[in-house]
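Working notes, beginning with the structure itself.
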Amino acid sequence: MRVVPPTGFTAHLTFFSAAAMAFLAVFALALSFSTGKLAERWATELARSATIRISAPQSQIPDQARAAMKVLQTTPGIASARVLDKAEQEALLEPWLGPGLPLDALPLPQLIEVIAEPGGYDVEGLRQRLAAEAPGAVLDDHARWRRPLVNAARRLGQLGWLSILLITLTMGAVITLAAQAALAANAQVIRVLRLIGAKDAFIVAAFVRRFTLRAAAGAALGTGAGMLAIALLPETGEAGGVLTGLSFHGAGWLWPLAIPLLAGFVAFWATRLAAFRCLKELT
């Protein structure tokens, strides 16, 4: 005699919900890892870059640029510094102003790209030296816009982990409802089993085994589909900017394999608790 029906809406509900939740969990996990790497890259690489903007009359810009370069060359902690040429500055302005603009007619400031050593440099000390040697030079260490971006990326990663938690709780709730429905549908069978001496632990074990296997199988299918979808996403490369690629890298591809195990764990305890509670009500 089967305690749990092999088919029916509870079987389909458990399998489908586990597959759908696992599919979403793969994307939430990929989002967490991708934004974590993005925040780390912004916190390290972008923290080393800075820009010096020389705003002065056009006749004074070359002299002030040379003075600023001398200051940078003698500043400890500066790995490299170079004056951006006209073509590079036009390329920076093209996304904002469009191609083909007569930039020669615009009083554009001269930009100097600064790359710091890993240990960094004295920002305030460099500002003071530039103010003395090149009054038109303004140092921008990108801190004003870099910190909000890093915080936003980290917050997005945290939301990814929160999504995984919500997905897990939703899966547990759906499996609990499915188990309760199956128990209610088999109330007469359970009473007969009790009359012939079956213990509640035996009945619970039957439900737990069936629902755990269903949830694990559905989650395995959803995880596989999610990993395939992630693998088929186009690569954005360096041009992707913020969209650095929603994907896993290296050993990171092993993390989604834990989702079916998590689904089985959730199904085990959700079904077990629901079964004991329902059996208590049937007493």
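Tabulated data for the structure shown
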item: Meets criteria (free of Cβ contacts under 8 Å to residues at least 60 places away in the same chain and among the aromatic types (Phe, Trp, Tyr)) for Trp161; result: no
item: The stretch 125-148: number of residues that are modelled with pLDDT of 85 or more and crowded, with 17+ Cβ neighbours inside 10 Å; result: 7
item: Checking Pro95 against (1) surrounded by fewer than 17 Cβ atoms within 10 Å (Cβ to Cβ); (2) at pLDDT 80 or above; (3) within 28 Å of Val150 (Cβ to Cβ); (4) not polar (S, T, N, Q), the condition it does not meet; result: (2)
item: Conditions (1) surrounded by 15 or more Cβ atoms within 10 Å (Cβ to Cβ); (2) in a helix (DSSP H, G or I); number of the one not met by Asn151; result: (1)
item: Residue in the stretch 204-228 that is nearest to Gln180 (Cα to Cα), counting only those that are small (Gly, Ala, Ser) and free of Cβ contacts under 8 Å to residues at least 24 places away in the same chain; result: Ala205
item: Qualifying positions in the stretch 132-188 - touching a strand residue (DSSP E or B) at 6+ places or on another chain (Cβ under 8 Å) and among the aliphatic types (A, V, I, L, M); result: Ala134, Ala137, Val138, Leu139
item: Counted residues, the stretch 98-113 - those being at pLDDT 70 or above and within 20 Å of Gly136 (Cβ to Cβ); result: 8
item: Search result, residues across the stretch 189-209 that are more than 47 Å from the chain's Cα centre (by Cα) and buried (at least 18 other Cβ atoms within 10 Å of the Cβ); result: Leu193
item: Among (1) in a strand (DSSP E or B); (2) crowded, with 16+ Cβ neighbours inside 10 Å, the one test that Val174 misses; result: (1)
item: Residues located in the stretch 66-82, provided they are β-branched (Val, Ile, Thr) and surrounded by fewer than 17 Cβ atoms within 10 Å (Cβ to Cβ); result: Thr74
item: Count of residues meeting criterion [out of contact with any strand residue (DSSP E or B) (no Cβ under 9 Å at 6 or more places or on another chain) and either of a type in the set (Gly, Ala, Ser) or part of a strand (DSSP E or B) (or both)] in the stretch 113-131; result: 3
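Residues checked against (1) modelled with pLDDT of 85 or more; (2) touching a Ser or Thr at 6+ places or on another chain (Cβ under 6 Å); (3) in a helix (DSSP H, G or I):
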residue	(1), (2), (3)
Val4	no, no, no
Phe16	yes, no, yes
Thr35	no, no, yes
Ala56	no, no, no
Ala67	yes, no, yes
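The values are calculated or read from the model by the stated rules, or taken from the named source; none is laboratory data. All values derive from a computational prediction rather than experimental measurement. Cβ sites come from the backbone with ideal geometry, for glycine too, and all protein chains shown count toward neighbours.
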